[in-house]
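J.: Have a look at the structure that comes next, please.
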Amino acid sequence: MYLDTETLVPLANYHDIEIMVDIAITQRDLGQRSGNAGVKLAVPITGSPGLELGGSKGSEFEVTQARTIKDHPANALNRLLDTLTRNNDIVTDLSSGAITRRQLIEVDGDWSVSPATDIGSLLTKMATLFSEQPSAFKGSEPPAEFYSRILAPGTNQGPVVLDTTTEDSNKTRVLVLLEAGYLTGRTGPDDLEGERAVFGQVDAVVAEGSSYSLDKFFLSGFSRPVRRSFPVEELLKNLPPQSNMQVTVDDLRIRGPLVVVKAIAIY
């Protein structure tokens, strides 16, 4: 359903659970050969470059390849969860004690997609289009086609926020941050709603009276110069009138107490 392999792989490897594929290339000189020789070898991993080995007159090469398949990410995830549970390195009960930043956590809950996700989706589109057309941001009113591109229907492939309140005695509010690009199969953000388990890492523990700002999360895919060029306050002022959203920066500041988790897997 959701699996952030970029985070999972190093975490699993740290616990001696190897994932993905190893490729070993060896070269052996077979003796004399006339003319120029060249060999191209395509490594069977998506996105991997081909390797070219060549020999000049007087040499010949044999190229061999060893391919070792290791754990599939889903299987590795199950093994990792077993290992963390066995070593008491994962928290599953938020009412059992203090939660700290970077703590690995598994939370069962009845999740819903936070309304802030829609705001974040518009912010991401606006920042993208304004970075492509800076003059539109500086003008008094963006052109009509600018708004039509922002409001164009389509599946959200950007940041998503899930929200729940645990059923334990503390009734802890939990926000989960995830990137829609890591959704597996044909899963969409709405499919994450309902009874699910979330495995992830605590990003923040927000005390009562404090708040957590989501704007940096929604614009995390942009460089710092871009974020500085288009302040969130100004982006919100340029929200399309057709969106019927009356939003301020305060709507992106979620008040505590709450725990904020960056998702690694949802199942």
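J.: Find the residue count for the range 208-231, including only residues that are open to solvent by 40 Å² or more (accessible area, probe 1.4 Å), at pLDDT 90 or above and in a loop (DSSP other than H, G, I, E, B).
T.: The qualifying residues number 3.
J.: Here is a further query. Among ILE254, ILE266, which is the only one that is at pLDDT 90 or above, open to solvent by less than 60 Å² (accessible area, probe 1.4 Å) and farther than 26 Å from LEU11 by Cβ? Walk me through how you get there before you give the answer.
T.: On the way: ILE266 fails: farther than 26 Å from LEU11 by Cβ.
Residue meeting the stated conditions: ILE254.
J.: Go through the range 96-116 and count every residue that is over 19 Å from GLU195 (Cα atoms) and not hydrophobic (A, V, I, L, M, F, W, C).
T.: 6
J.: Which of the residues that make up the range 102-117 are touching a residue at least 40 places away in the same chain (Cβ under 8 Å), open to solvent by 20 Å² or more (accessible area, probe 1.4 Å) and out of contact with any Asp or Glu (no Cβ under 7 Å at 6 or more places or on another chain)?
T.: ARG102, GLN103, GLU106, ASP108
J.: Kindly indicate whether VAL205 is open to solvent by less than 30 Å² (accessible area, probe 1.4 Å), closer than 18 Å to ILE264 by Cα and hydrophobic (A, V, I, L, M, F, W, C).
T.: In short, no.
J.: Taking only the range 182-212 into account, find how many residues are small (Gly, Ala, Ser) and under 14 Å from LYS262 (Cα atoms).
T.: Of the residues in that region, 3 qualify.
J.: Hey, does the range 119-131 have a residue that's under 24 Å from the mean Cα position of the chain (by Cα), at pLDDT 90 or above and crowded, with 19+ Cβ neighbours inside 10 Å? Spell out how you get there, then give the answer.
T.: Within the range 119-131, the first condition is being under 24 Å from the mean Cα position of the chain (by Cα), and the residues that meet it are 119-131.
Next, only the ones that are at pLDDT 90 or above stay: none.
No, that holds for no residue.
The values are calculated or read from the model by the stated rules, or taken from the named source; none is laboratory data. Please read these numbers as outputs of a predicted model, since none were measured by experiment. Reconstructed Cβ throughout: ideal geometry from the backbone, glycine too, with neighbour counts over all protein chains shown. Just the protein is used for accessible areas: all its heavy atoms, side chains included, with ligands, DNA and RNA removed. Shrake-Rupley method; radii C 1.70, N 1.55, O 1.52, S 1.80 Å.
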